[in-house]
Amino acid sequence: MITTLKTDSQEKTHGKVGLSGILGDYPIATIEALSGFTILAENQLLLNPKSLLIIDERVTPIKGEKAADKLDTIGTIGMVLYNKDYEPTSLRCLYADDHIKPIITDTSQPSAYLIGSLSNDSELIAVDNFDDGIALAKCLISEHVTIAISPTEWLFNETVKHFSQDRPVTIFTTLDKVDEVSKPLAGHNVKVIVTSDRTVLEHLEYGGLSYAVILEDSKTTITNLQADAWSEPELLASDPSQPTLYPIEAWPPILRRPIEAIAYYTQVPLAMAGQAVLGAIAHIGQAHIDAPMGSQHKPTSLIIITEGESGTGKTQVMGLSHFKIDQHEKQLYSNYLSDISSWENNLLSLKGKDRAAFLDENPKPPNPVTMFDDATIEPLIDRFVDGEMYNASLSTDEAGQFFNGHSMTGDTAGSALGAITKLYSSGMARRMRSQKNAYSNPRTTAYDVRMTFLLQGQRVVLEKALTDPFMSGQGFLARAIIACPEDLRGKRVWNDPKRRNDKPHDNPYLIDYWSRCQSLLDPLPANLPNDSIGAPSRIKMQWASNEAVQAFEDGMQTIENRQANGQVLQYLKAYASRMAENATRIASLMAFFDSRKTVTTDDIKRGFMLVEYSTTERLRYQDATSTGEQNDSEKLSCWLVNKARNKNPHKLNRADIYNGAPQPMRKNNRLLQGELDNLESKSHIRQTEEGRKKIIEVNPKLYK
């Protein structure tokens with residue numbers, strides 16, 4: 001509390017509080033003093049005791065519409081109202097008789113009664129009346145939230161706008177009132193949680209639901225009013241050029257012919273068929289082999305990303321490329337259902353020591369499925385760590401399920417991407433959970449596990465991911481084999497009798513391809529314990545000759561040289577550093593599929609051809625210049641997005657931008673202003689003023 005000594009600082013406080021006295025003039029309300037104020041007495045432990053004061057005089061405000069009036073506040077309890085900077089600005093004087101309307105000493109300054117700490121890491125929930133605020137605080141006492149109660153219902157919108165200047169504010173409403181509640185707050189840093197019929201408070205009090213369950217309910221919608229007020233940001237570069245010619249000659253005949261057959265039967269670009277086959281042989285091969293890389297060996301897992309719009313044949317392609325894999329998984333699952341049924345029946349027939357002995361000698365059969373299409377990374381990590389599998393693939397023709405899933409968009413996105421890159425690089429999976437729980441699993445780490453990603457999706461999904469600096473910075477995109485082939489819709493033929501009678505399952509090249517897949521899948525020894533600790537033993541692929549090693553190192557050197565200033569990979573160094581590793585992984589998979597344990601000069605050159613194709617597609621996709629450099633607008637936009645990332649709302653002082661912007665805009669006002677104007681026209685930013693300061697607001701949609 002402020003001391004009662006009359007100092008200059010106290011006089012300033014008078015102005016902030018808007019009262020003739022200061023808060024230190026009023027004693028803190030004791031339990032006895034609150035005894036006549038039922039709602040305060042019942043909830044004293046919930047409220048900040050320093051925010052409840054005994055008012056024993058007629059308060060005279062010096063600000064607002066009641067300025068200079070002597071208010072009838074004797075015998076009231078003054079509830080201290082704070083602004084967004086946690087400065088006291090007003091009092092809500094409450095009478096013991098709850099039929100008498102409380103007095104708000106100053107309504108000219110935005111303020112609220114706060115329950116909980118006004119910290120940046122807590123969720124700030126605003127309500128328009130004291131009863132609901134108290135009830136919410138009770139229900140959410142274990143949540144990391146702060147309740148801001150508006151002094152009156154008619155001041156609610158101004159209160160929310162005020163607090164949203166520095167942090168996001170959450171408000172609740174129901175579907176029938178969403179427009180009434182949202183429209184006055186459009187464009188502000190406000191999150192609206194809309195429930196269908198019952199309010200959030202009713203769900204908490206009468207429905208017995210937790211806050212988390214309410215948020216996850218399919219009938220609950222969450223709207224960001226600030227983001228909704230912005231247009232979609234436009235691309236800063238021109239449309240990408242024509243798709244890169246796919247190097248089908250990079251594939252050895254044993255794989256090239258089935259790729260061509262798949263492309264023919266499904267009427268898709270060769271690149272789409274090639275990427276799918278690459279995903280299939282990676283899924284199979286990663287269980288058996290590791291690729292040579294310097295003095296070490298690396299997993300042969302791959303991250304494969306292919307662009308394809310809805311209706312372009314992605315599903316049909318995977319139906320052929322993964323035909324034997326799907327059959328194998330189906331058979332394994334059928335056997336598992338039989339085994340688990342037998343195991344459960346045996347268990348039911350036993351009791352006591354016999355049951356315990358049976359469980360010791362016959363652990364529950366694990367689910368053998370290793371192909372997933374809609375799983376998040378966390379349950380897959382769990383299965384690795386629990387020893388239920390050593391090899392898996394996430395293969396989907398709907399990449400939106402992956403990129404827009406909870407793991408990749410929530411607060412866990414960084415750890416999820418880190419887990420994926422660790423799996424790719426070292427074959428290690430790790431989870432860290434509390435070991436204090438009685439049912440906790442002591443296992444935390446899995447070694448020598450493999451995970452391939454085959455992600456096919458529409459441009460609207462992939463464009464956000466492939467241009468996301470966070471995904472690039474985390475190393476996920478740097479490890480990916482990327483293809484953005486042409487769209488053949490409008491060029492396909494459906495009424496050709498020859499095509500009608502030509503069946504893929506009669507094609508000799510596909511039959512041979514499937515036969516080889518089958519021989520590698522059944523049995524799958526790498527999924528069976530075969531060393532002292534039950535981990536798989538994989539073949540360490542070797543270089544066939546010194547010439548093969550030299551070809552690999554020559555390829556590495558070429559890539560290194562192209563990362564120099566002014567060279568094509570200058571601005572893709574993270575991506576370039578993984579090119580050689582991906583090349584040896586691909587070369588090893590080709591050799592293994594051809595029943596060999598050594599990588600030849602021909603193999604590694606083929607691997608580099610596919611990696612070069614992916615690199616060209618990566619450059620083309622982001623419309624890089626001939627040197628791979630972003631244009632000035634792109635540089636500035638990326639810089640602004642990164643600088644404002646941890647600010648809420650996302651805004652920066654223009655003076656700071658002038659001094660810190662990337663070259664050539666730094667301290668060049670003419671160039672900087674031109675680029676800012678361009679970014680504003682493309683809905684990347686807004687140029688505003690706060691008093692005498694010029695402010696740049698960044699479109700929150702750039703963070704999605």
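For the range 384-402, check the following and say yes or no: at least one residue is modelled with pLDDT of 90 or more, in the same structural domain as G285 (by TED's automatic domain parsing) and in a helix (DSSP H, G or I).
Yes, that holds for at least one residue.
Scanning the range 636-650 for residues that are at pLDDT 90 or above and of a type outside the set (A, V, I, L, M, F, W, C), which turns out nearest to N678 (Cα to Cα)?
For the range 636-650, the residue satisfying everything is S637.
Can you tell me which residue among D106, D98, D121 is surrounded by fewer than 17 Cβ atoms within 10 Å (Cβ to Cβ) and either in the same structural domain as A33 (by TED's automatic domain parsing) or closer than 17 Å to L47 by Cβ (or both)?
Numbers: D106 fails: surrounded by fewer than 17 Cβ atoms within 10 Å (Cβ to Cβ); D121 fails: either in the same structural domain as A33 (by TED's automatic domain parsing) or closer than 17 Å to L47 by Cβ (or both).
That would be D98, the only listed residue that is surrounded by fewer than 17 Cβ atoms within 10 Å (Cβ to Cβ) and either in the same structural domain as A33 (by TED's automatic domain parsing) or closer than 17 Å to L47 by Cβ (or both).
What is the residue count in the range 207-217 for residues that are modelled with pLDDT of 90 or more and either part of a loop (DSSP other than H, G, I, E, B) or surrounded by 14 or more Cβ atoms within 10 Å (Cβ to Cβ) (or both)?
Our first condition is that a residue be modelled with pLDDT of 90 or more; within the range 207-217, this holds for 209-217.
The next check asks that each one be either part of a loop (DSSP other than H, G, I, E, B) or surrounded by 14 or more Cβ atoms within 10 Å (Cβ to Cβ) (or both); those that pass are 209-211, 214, 217.
So the answer is 5.
One residue is enough: does the range 345-368 have a residue meeting the conditions in a loop (DSSP other than H, G, I, E, B), in the same structural domain as A583 (by TED's automatic domain parsing) and touching a residue at least 60 places away in the same chain (Cβ under 8 Å)? Can you show your working first?
Filtering the range 345-368 for residues in a loop (DSSP other than H, G, I, E, B) gives 349-351, 362-368.
Next cut, in the same structural domain as A583 (by TED's automatic domain parsing) only: 349-351, 362-368.
The next check asks that each one be touching a residue at least 60 places away in the same chain (Cβ under 8 Å); those that pass are 368.
Yes, the conditions are met somewhere in the range 345-368.
Taking the conditions exactly as written (β-branched (V, I, T), closer than 22 Å to M541 by Cβ, touching a Ser or Thr at 6+ places or on another chain (Cβ under 8 Å) and in the same structural domain as E612 (by TED's automatic domain parsing)), does I289 satisfy them or not? Can you show your working first?
Values: β-branched (V, I, T): yes; closer than 22 Å to M541 by Cβ: yes; touching a Ser or Thr at 6+ places or on another chain (Cβ under 8 Å): yes; in the same structural domain as E612 (by TED's automatic domain parsing): yes.
Spelling it out, I289 is indeed β-branched (V, I, T), closer than 22 Å to M541 by Cβ, touching a Ser or Thr at 6+ places or on another chain (Cβ under 8 Å) and in the same structural domain as E612 (by TED's automatic domain parsing).
Conditions: (1) more than 22 Å from the chain's Cα centre (by Cα); (2) at pLDDT below 90; (3) surrounded by 18 or more Cβ atoms within 10 Å (Cβ to Cβ). Y246 meets all but one. Number of the miss?
Here Y246 meets the rest and fails (2).
Condition check: in the same structural domain as E153 (by TED's automatic domain parsing) and either surrounded by 14 or more Cβ atoms within 10 Å (Cβ to Cβ) or closer than 25 Å to F130 by Cβ (or both). Does V200 satisfy that?
Criteria met by V200.
Given (1) free of Cβ contacts under 8 Å to residues at least 60 places away in the same chain; (2) out of contact with any Gly (no Cβ under 8 Å at 6 or more places or on another chain), identify the lone condition not met by I147.
All conditions are met except number (2).
Given the conditions (1) over 21 Å from Q296 (Cβ atoms); (2) in contact (Cβ under 8 Å) with a residue 60 or more places away in the chain; (3) of a type outside the set (G, A, S), report the number of the one that K573 does not fulfil.
Every listed condition holds for K573 apart from (2).
Consider only pairs whose beta carbons are under 6 Å apart and that are at least six residues apart or on different chains; among these, list those whose first residue lies in the range 250-270 and is touching a residue at least 40 places away in the same chain (Cβ under 8 Å) and whose second residue is basic (K, R) and buried (at least 21 other Cβ atoms within 10 Å of the Cβ).
That search, which allows pairs on different chains as well, returns A250/R606.
Please work out if T584 is over 21 Å from G279 (Cβ atoms) and at pLDDT 95 or above.
So T584 does not fit the description; no.
Identify all residues within the range 239-269 that are under 16 Å from T616 (Cα atoms) and either assigned to a helix (DSSP H, G or I) or among the polar types (S, T, N, Q) (or both); write none if there are none.
Once the filter is applied, which keeps residues that are under 16 Å from T616 (Cα atoms) and either assigned to a helix (DSSP H, G or I) or among the polar types (S, T, N, Q) (or both), the range 239-269 yields S241, Q242, T244, I248, A250.
Which of the residues spanning the range 488-546 are surrounded by fewer than 16 Cβ atoms within 10 Å (Cβ to Cβ), at pLDDT 90 or above, part of a helix (DSSP H, G or I) and within 37 Å of the chain's Cα centre (by Cα)?
Answer for the range 488-546, where residues must be surrounded by fewer than 16 Cβ atoms within 10 Å (Cβ to Cβ), at pLDDT 90 or above, part of a helix (DSSP H, G or I) and within 37 Å of the chain's Cα centre (by Cα): just Q518.
If you check D131 against the conditions, is it assigned by TED's automatic domain parsing to the domain that holds E202, over 17 Å from D85 (Cβ atoms) and among the acidic types (D, E)?
So D131 fits the description; yes.
Of all residues in the range 432-482 being among the charged types (D, E, K, R) and modelled with pLDDT under 70, which is nearest to the chain's Cα centre (by Cα)?
Per the stated criteria, the residue is R433.
Regarding the range 66-77, can at least one residue be identified that is under 47 Å from the mean Cα position of the chain (by Cα), over 14 Å from G116 (Cα atoms) and not assigned by TED's automatic domain parsing to the domain that holds A137?
The answer is yes; a qualifying residue exists.
Check N646 against each of (1) closer than 30 Å to R459 by Cα; (2) part of a helix (DSSP H, G or I) and name the one condition it does not meet.
(2)
Only one residue in T223, T159 is in a helix (DSSP H, G or I) and either of a type in the set (S, T, N, Q) or free of Cβ contacts under 8 Å to residues at least 60 places away in the same chain (or both), so which one is that?
T159
Quick check on K324: is it touching a Phe, Trp or Tyr at 6+ places or on another chain (Cβ under 7 Å), of a type in the set (K, R) and surrounded by fewer than 24 Cβ atoms within 10 Å (Cβ to Cβ)?
Criteria met by K324.
Out of all the residues in the range 372-384, which are aliphatic (A, V, I, L, M) and buried (at least 19 other Cβ atoms within 10 Å of the Cβ)?
Of all residues in the range 372-384, those aliphatic (A, V, I, L, M) come to 375, 377, 380-381.
Within the range 372-384, I377, L380, I381 meet the criteria.
Confirm whether A227 is surrounded by 14 or more Cβ atoms within 10 Å (Cβ to Cβ) and small (G, A, S).
yes
Go through the range 403-427 and give me each residue that's modelled with pLDDT under 80, not in a helix (DSSP H, G or I) and not polar (S, T, N, Q).
G405, G410, D411
Please specify each residue of the range 270-317 satisfying the condition of being outside any helix (DSSP H, G or I) and among the basic types (K, R).
Taking the range 270-317 as the starting set, the residues that turn out to be outside any helix (DSSP H, G or I) are 286-313.
Listed by number, the list holds a single entry, K298.
Tell me, yes or no, whether the range 655-674 has at least one residue that is among the basic types (K, R) and modelled with pLDDT of 90 or more.
Checking the range 655-674: at least one residue is among the basic types (K, R) and modelled with pLDDT of 90 or more.
Just one of D656, D677 is assigned to a helix (DSSP H, G or I), assigned by TED's automatic domain parsing to the domain that holds K694, out of contact with any helix residue (DSSP H, G or I) (no Cβ under 9 Å at 6 or more places or on another chain) and not aliphatic (A, V, I, L, M); which is it?
Of the residues listed, the single one that is assigned to a helix (DSSP H, G or I), assigned by TED's automatic domain parsing to the domain that holds K694, out of contact with any helix residue (DSSP H, G or I) (no Cβ under 9 Å at 6 or more places or on another chain) and not aliphatic (A, V, I, L, M) is D677.
Looking at the range 304-330, which of its residues are modelled with pLDDT of 95 or more and closer than 24 Å to A478 by Cα?
I304
Could you please give the count of residues in the range 24-38 that are free of Cβ contacts under 8 Å to residues at least 60 places away in the same chain and under 23 Å from H99 (Cα atoms)? Walk me through it before giving the result.
Start the filter on the range 24-38 by keeping residues that are free of Cβ contacts under 8 Å to residues at least 60 places away in the same chain, which leaves 24-35, 37.
Filter once more, so that each one left must be under 23 Å from H99 (Cα atoms): 29-35, 37.
Of the residues in the range 24-38, 8 are free of Cβ contacts under 8 Å to residues at least 60 places away in the same chain and under 23 Å from H99 (Cα atoms).
The values are calculated or read from the model by the stated rules, or taken from the named source; none is laboratory data. Since this is a predicted model, take the numbers as computed values, not measurements. Glycine gets a Cβ as well: all are built from the backbone with ideal geometry, and neighbour counts include every protein chain shown.
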